[in-house]
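The values are calculated or read from the model by the stated rules, or taken from the named source; none is laboratory data. No experiment lies behind these values; they were computed from the predicted model shown. No Cβ is skipped: glycine too gets one built from the backbone with ideal geometry, and neighbour counts run over all protein chains shown.
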Amino acid sequence: MAKRLGNQTIILDKQPIILSGAGIVGKKEGDGPLARYFDDVVDDEYAGEKTFEAAESRILRDTFIKALEKSGKSSTDINLILSGDLLNQCTAASYAFRDVDTPYLGLFGACSTMSESLAVASMIIDGGSVDYAVCAASSHFCSAERQFRYPLEFGAQRTPTSQWTVTGAGAIVLGKDGQGPKITCVTPGKIIDEGIKDSNNMGAAMSPAAFDTIRSHLIDTGRSVDDYDLILTGDLGSFGSTMLRDLLSKSNIDLKNKHKDCGTIIFDLEKQGVDCGGSGCGCSAAVFSTYILDQFMQGILKRVLFVATGALLSPTRIQQGETIPGIAHAVLIEA
Amino acid sequence: MKKQISKHEYQKMVDKKAPGSHIVRNLFAAFITGGAICSVGQIVMLVFKNFGADKETVASVTSIIMVFIGAFLTGINIYDEIGKFGGAGASIPITGFSNSIVSPAMEFKKEGYVMGVGAKMFLIAGPVLVYGIFSSVVAGLLYFIWKQVM
């Protein structure tokens, strides 16, 4: 049986195993520093489909198929898919998996969806009701822009704190047995809203949530930053990462050189014109499912706290004068 | 768990550290872009004047041509780049207004001609039209009253 430590952290007993991971991204991400780790780079922003929403579903489904292929499992072995994206009604995921004959749970955690799905799936596998599950998340620059911002051809300037929605998806096959790194512990995050109103500054909106989850995890487990090889945040971007370091240092927690942020490593911030870095569910999903897993396979990483962060932004509520709630869920992966 | 800092303190931390816009660069880019667009407008105007068109016709034709240029450059995926570089220098002239109508029309074509193009075309320009027309009505009324009184 799993047991709870402190207020938030759950230590898993059966420790689900990451059997495989896959990540497929768009052209801009494919031009970035992590290009060689991705399973495929889709040059066409429509991915052969007619709309951006359909393209996102296509990329998500292809990533799911790729992850299954790498795990040696077939879709009939999978008892549950947990997936989500940024679009209203989790459009990309619902349409990606409508022809897959497997039970599906749709999740919305904004950009934190990947760690949310891993956390939920691990607990379900730990509980014994599911043997194999697939966790996946996606985003698409063009579908996100049209829902949250402006039409693509509208000539607007981006603010320096803004982040670039990643076109891409990541998928992980989790199982009760097999070979691979294990998920040993999860710390589901609380919704934290520190009053940020600027929807072009999501990093600042999310970093208090990342701070809260990381701090709670360390307190609950009685560990320090030194006990980890890497603390990988979702997509705080460069500015959000600065804020996270500042907040943690106020609590006397020093991240030292143990911190990386998916949003800042997926792009070359200087050369690719993405301001503070990448964002979107697909960002942390693709980075974690490819680059980070690869580092585990090579034995470079042995204990990673993966904390994907999400800005639970509602354009409607922002127009009504509300602030942006943030969330961050942590999963601990050990070799 | 005890809160470390208040919302107000956090906002102050963010304001202090947030990277700001490059004001000098942006002003310069806006000046160059806006200036270039207006110069093109001026050239068009002078050409028509040269052909002997009267003042009102010249004004209308120049606007029509500038709107067309804005729409055309939007259609061939260039105006968004101009906007990214020039900021307000690209959005304030009439070409920017044209861009703000054509870009949603292109974007929402996938949702059909009625609920897509038709309904979403004025997504960005809508408020400009509403308040533009409203203020012209107010100005007209004031002008009318002024004429009666004086």
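Here are the numbers for this structure:
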quantity	calculated
Conditions (1) part of a helix (DSSP H, G or I); (2) within 30 Å of A:G326 (Cβ to Cβ); number of the one not met by A:K66	(2)
Elements of type helices (runs of 4 or more DSSP H) in the stretch A:74-193, at least 1 residues being away from every other protein chain (no Cβ under 14 Å) and free of Cβ contacts under 8 Å to residues at least 40 places away in the same chain	A:91-96, A:113-127
Residue check, A:A67 touching a residue at least 40 places away in the same chain (Cβ under 8 Å) and closer than 28 Å to A:M206 by Cα	no
Residue in the stretch A:212-232 that is at negative phi, touching a Cys at 6+ places or on another chain (Cβ under 6 Å) and in contact (Cβ under 8 Å) with a residue 40 or more places away in the chain present	no
Odd one out for B:F122, checked against (1) out of contact with any Pro (no Cβ under 9 Å at 6 or more places or on another chain); (2) more than 7 Å from chain A (Cβ to nearest Cβ)	(1)
Enumeration of residues in the stretch B:75-90 that are touching a Phe, Trp or Tyr at 6+ places or on another chain (Cβ under 8 Å) and within 8 Å of chain A (Cβ to nearest Cβ)	B:D80, B:G83, B:A90
Subset of the stretch A:194-228 [among the charged types (D, E, K, R) and surrounded by fewer than 18 Cβ atoms within 10 Å (Cβ to Cβ)]	A:K197, A:D198, A:R215, A:R223, A:D226, A:D227
Meets criteria (more than 15 Å from the chain's Cα centre (by Cα), under 30 Å from A:S143 (Cβ atoms) and crowded, with 22+ Cβ neighbours inside 10 Å) for A:G234	no
Any hit, the stretch A:36-52, residues being more than 18 Å from the chain's Cα centre (by Cα), more than 19 Å from A:Y291 (Cβ to Cβ) and not in a loop (DSSP other than H, G, I, E, B)	yes
For A:G280: the one exception among (1) buried (at least 18 other Cβ atoms within 10 Å of the Cβ); (2) farther than 21 Å from A:I327 by Cα	(2)
Pairs, first within 7 Å of another protein chain (Cβ to nearest Cβ) in the stretch A:233-252, second β-branched (V, I, T) and outside any helix (DSSP H, G or I), C-beta under 6 Å, six or more apart	A:F239/A:T161
Residue in the stretch A:170-180 that is over 29 Å from A:D131 (Cβ atoms) and not aliphatic (A, V, I, L, M) present	no
Residues of the stretch B:16-57 that turn out to be touching a Ser or Thr at 6+ places or on another chain (Cβ under 9 Å), assigned to a helix (DSSP H, G or I), more than 16 Å from B:F85 (Cβ to Cβ) and within 14 Å of chain A (Cβ to nearest Cβ), as a count	1
The lone exception for A:I125 - which of (1) out of contact with any Pro (no Cβ under 8 Å at 6 or more places or on another chain); (2) modelled with pLDDT of 95 or more; (3) within 19 Å of A:L68 (Cβ to Cβ) it fails	(1)
Contacts under 6 angstrom Cβ, first residue in the stretch B:125-140 being under 19 Å from B:V67 (Cβ atoms), partner in a helix (DSSP H, G or I), 6 or more apart	B:A125/B:S100; B:A125/B:I101
